[in-house]
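The values are calculated or read from the model by the stated rules, or taken from the named source; none is laboratory data. It should be emphasised that the depicted structure is a prediction, and the values quoted were computed from it without experimental measurement. Methodologically, a virtual Cβ is constructed for each residue, glycine included, from the backbone with ideal geometry; neighbour enumeration extends over all protein chains shown.
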Amino acid sequence: MAARILKNISSASKRAVGSRLYSSEVKKCTIIPGDGIGPEISAAVQKIFAAAKVPIEWESVDVTPVRGPDGKFGIPQSAIDSVNRNKIGLKGPLMTPVGKGHRSLNLALRKEFNLYANVRPCRSLEGYKTLYDHVDVVTIRENTEGEYSGIEHEIVDGVVQSIKLITEDASRRVAEFAFQYTKENKRHKVTAVHKANIMRMSDGLFLRCCRDMAEKYPDVKFEEKYLDTVCLNMVQDPTQYDVLVMPNLYGDILSDMCAGLVGGLGLTPSGNIGLNGALFESVHGTAPDIAGKDLANPTALLLSAVMMLRYMNLNKHADIIESSCFATIKEAKFLTGDLGGKAKCSEFTNAICEKIAAASP
Amino acid sequence: MSSRLLPRLTHLRQVHSELTTNSFHKIPHHIKPETSPLPLYGGRHLVTLLPGIGIGPEMTSHVKEIFATAQAPVDFEIIEGTGEELVRNAITSVRRNRVAIKGNLKSVIDEDGFIAPNVMIRTKLDLFVYVTHYKTYKNVYSKWPDLDLVIVRQNTEGEYALLEHESVNGVVESLKIVTRENTERLAKFAFEHARKHGRRKITVVHKSKQLELSDGMFLQTIKNVAHHYPDIQFEDMYIDRCCQKLVRNPHHFDVLLMPNLYGNIASNIVCGLSGGSGLFSGMNYGEDIAIFESATRQTGESFVGKNIANPVAMLNAGVNMLRHLGKSEHARLITDAICHTLTTSRVHTPDLGGVHSTTDVLSEIKRYIEDVKHLN
């Protein structure tokens, strides 16, 4: 199956990840345009990056499953090689093909890179009004285990059990990442979200790992909150939370809820950090009804690409692109349909490129 | 991988049979008792009162106060204590009286292990469904106006099975149990409830694409029950999409039907959107036992002794209890008093953005009740 193929390849081509930080040459990144509106918004992002003169060379791959030598559908070898080589990827929306024999690409990539943390910053966009102003929350979610470990059995007919797995290693890893992220991005508070009053051992272990990590970062404030309290308070006043770290299921739900607070999945970036690489993606759907009509909104993919730039330490370029994007939305002259405007995707993109040209020296 | 699991499976079958015989996680296969009328002594009902911790004792005493003012024919059997003893006494009393009102009970770790009385009472008494009705009050601040949502949530199994073990050092497993029988009972209750109260739509919330067997079975069982109720619109939705929709457009929903943990999350979200945890109450139902409490089951530690906690949540629980006991006139009287206090007199505690104290709210409610009584 795809995961096994990927594992074999990766062990053959391991490379020091740190080398990406030292060279000032042009870096290669894999881009997976995806389906539906994927190709249009990927093209928009590439255009914006060219306008900002970002030192990145794009390697575009297509991940439509092909029939492998064993008869099963899998990701094409070229895609696997590309992602392995470059270690950094940007992914557009993918349509999951229905039917057995298709291994989920997301799952394969997650296992391949050990993508252990999913980061979703949710920020209110000036110019797009929702019920909640001044939202600035980052949800960091453990991505590999927890409730979604997929271990289920039917014990007797009509009784099913599903196992939630929490390990010390994974919890420690994601806690460390959370505190590191908070420090690097000059944020001030980490909140661990749990339900240790009910799931005493599993969430208790997760909490212990977070507490241990908090001691290593004394200048970052740390608090623990029950899941119900966080949900209750988040919908009343989201400004009281800064960075949230949690296990898989709670993270899945809370990150989608926070995205809803700022305007939906069409405006939220998302990054997956792994041991041997990182993958940044837009989490909205493929929107087949507007595909090819130049009506799509590239904001989500663009902001994910900005996250990618920060991960690669290209902060100056990241700042210019991000502020141009926010300024265009705030100006509200060229807004796409989902933001309540009537502009085309290309007009929106051009507006951003103009602002970048004006900002660059 | 499957070969590694096989010995564990047989062990689990053994554990499962142990569980069904003598512990708190009974898979219900008892013979349904004939529903007998609720106990009535000299025209007065006796109900169990479990004060609990935090603001529980204060709030439940306010219920007693207001009941006295309204002259509701209800007496209270108060059960206090901690740990295993509390659970035992509470269960005996509630089995006898069949109706109870409670605050949040304290979880302890003693020589018997980890005791979570709230969960244990629910499972042992087989209170398989938890219903919360979130209806916004006029002139009380809420993020969304005119909300009217009912959340029906599985109350005994799912993630709250309290079955955890550390198989290897640093690796913990927690079991989530879903049974077809409990899900069917839950679904039937939900659809009957919807029909009785004129609700038009039920949305089932699940995550069956990740949890194919457990949530998959949950969804399929409910779909099968839905076929027998063609007059009620039925849809299903993933939990993450549901939470997102709740914060963007909660009016889409009418009745939400969910497993235990998702119900907890959605309940708290809707509670926050409708005005906060100080206002709403929840009803735990079994085959013939009912326990009433505040909807979000908060302990309210920070409000103890400060006279600023909102008594409306527990008072609403009391009202629900009166309705269940058939005392609809008294229930109507207290509900009107609460409504008048919140919407007309606008006596609001700090959690609603007001400046009044708990005693102010109670005085206003008592005043309204006494005025009505003088008119009659």
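A few points about this structure:
- For the stretch B:186-199, the criterion of being within 30 Å of A:Asn106 (Cα to Cα) and of a type outside the set (Ser, Thr, Tyr) is met by no residue.
- Selection within the stretch A:245-269 - touching a Leu at 6+ places or on another chain (Cβ under 9 Å) and either more than 14 Å from chain B (Cβ to nearest Cβ) or of a type in the set (Phe, Trp, Tyr) (or both): A:Tyr250, A:Pro269
- Only a single item in (1) at pLDDT below 90; (2) of a type outside the set (Ser, Thr, Tyr); (3) closer than 19 Å to A:Gly127 by Cβ is not met by A:Asp319, and it is number (1).
- Within the stretch A:161-174, restricting attention to residues that are among the aliphatic types (A, V, I, L, M) and more than 9 Å from chain B (Cβ to nearest Cβ), the residue that is surrounded by the most Cβ atoms within 10 Å (Cβ to Cβ) is A:Val174.
- Flag if A:Gly158 is within 30 Å of B:Leu162 (Cα to Cα), within 9 Å of another protein chain (Cβ to nearest Cβ), modelled with pLDDT under 90 and surrounded by fewer than 18 Cβ atoms within 10 Å (Cβ to Cβ): no
- One residue stands out among those in the stretch A:175-203 that are among the small types (Gly, Ala, Ser) and surrounded by 21 or more Cβ atoms within 10 Å (Cβ to Cβ): the one that is nearest to A:Leu254 (Cα to Cα), which is A:Ala192.
- Count of the stretch A:131-147 residues which are surrounded by fewer than 22 Cβ atoms within 10 Å (Cβ to Cβ) and in a strand (DSSP E or B): 1
Residue by residue, here is whether (1) in a strand (DSSP E or B); (2) within 20 Å of A:His134 (Cα to Cα); (3) acidic (Asp, Glu) holds:
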| position | (1), (2), (3) |
| --- | --- |
| A:Arg200 | no, no, no |
| A:Cys209 | no, no, no |
| A:Asp219 | no, no, yes |
| A:Cys231 | no, yes, no |
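- Consider the stretch B:296-320 and keep the residues that are among the polar types (S, T, N, Q) and over 19 Å from A:Thr229 (Cβ atoms). The one that is farthest from the other protein chains (Cβ to nearest Cβ) is B:Asn307.
- Residues that are closer than 18 Å to B:Ile369 by Cβ and part of a loop (DSSP other than H, G, I, E, B) within the stretch B:49-82 comprise B:Ala70, B:Gln71, B:Ala72, B:Pro73, listed in sequence order.
- Residues in the stretch B:210-252 that are hydrophobic (A, V, I, L, M, F, W, C), within 12 Å of another protein chain (Cβ to nearest Cβ) and over 23 Å from A:Leu254 (Cβ atoms): B:Leu213, B:Met217.
- Residue check, A:Gly251 buried (at least 23 other Cβ atoms within 10 Å of the Cβ), touching a Gly at 6+ places or on another chain (Cβ under 9 Å) and assigned to a helix (DSSP H, G or I): yes
- For B:Tyr160: the one exception among (1) within 12 Å of another protein chain (Cβ to nearest Cβ); (2) touching a helix residue (DSSP H, G or I) at 6+ places or on another chain (Cβ under 7 Å); (3) assigned to a loop (DSSP other than H, G, I, E, B): (3)
- Among residues of the stretch B:168-192 that are in a strand (DSSP E or B), those with a Cβ under 7 angstrom from a residue that is acidic (Asp, Glu), sequence gap 6+ or separate chain, pair up as B:Val172/B:Glu164; B:Val172/B:Glu166; B:Glu173/B:Glu164; B:Ser174/B:Glu164; B:Lys176/B:Glu159; B:Ile177/B:Glu157; B:Val178/B:Glu157; B:Thr179/B:Glu157.
- Subset of the stretch B:155-179 [over 14 Å from A:Met201 (Cβ atoms) and either at pLDDT 95 or above or of a type in the set (Val, Ile, Thr) (or both)]: B:Thr156, B:Ile177, B:Val178, B:Thr179
- Scope the stretch A:131-155; condition under 24 Å from B:Pro250 (Cβ atoms), within 9 Å of chain B (Cβ to nearest Cβ) and in contact with a Lys or Arg (Cβ under 8 Å, 6 or more places away or on another chain); matching residues: A:Leu131
- Within the stretch B:244-254, tally of residues that are out of contact with any Phe, Trp or Tyr (no Cβ under 9 Å at 6 or more places or on another chain) and of a type outside the set (S, T, N, Q): 4
- Any hit, the stretch B:58-70, residues being within 14 Å of chain A (Cβ to nearest Cβ), modelled with pLDDT of 85 or more, closer than 24 Å to B:Ser363 by Cα and surrounded by 12 or more Cβ atoms within 10 Å (Cβ to Cβ): no
- Considering residues of the stretch B:185-209 that are more than 19 Å from the chain's Cα centre (by Cα) and within 14 Å of chain A (Cβ to nearest Cβ) only, the residue surrounded by the fewest Cβ atoms within 10 Å (Cβ to Cβ): B:Lys209
- Filtered by the rule that a residue be outside any helix (DSSP H, G or I) and either at pLDDT below 95 or more than 14 Å from chain A (Cβ to nearest Cβ) (or both), the stretch B:113-133 gives B:Gly113, B:Phe114, B:Ile115, B:Ala116, B:Leu125, B:Asp126, B:Leu127, B:Phe128, B:Val129, B:Val131, B:His133.
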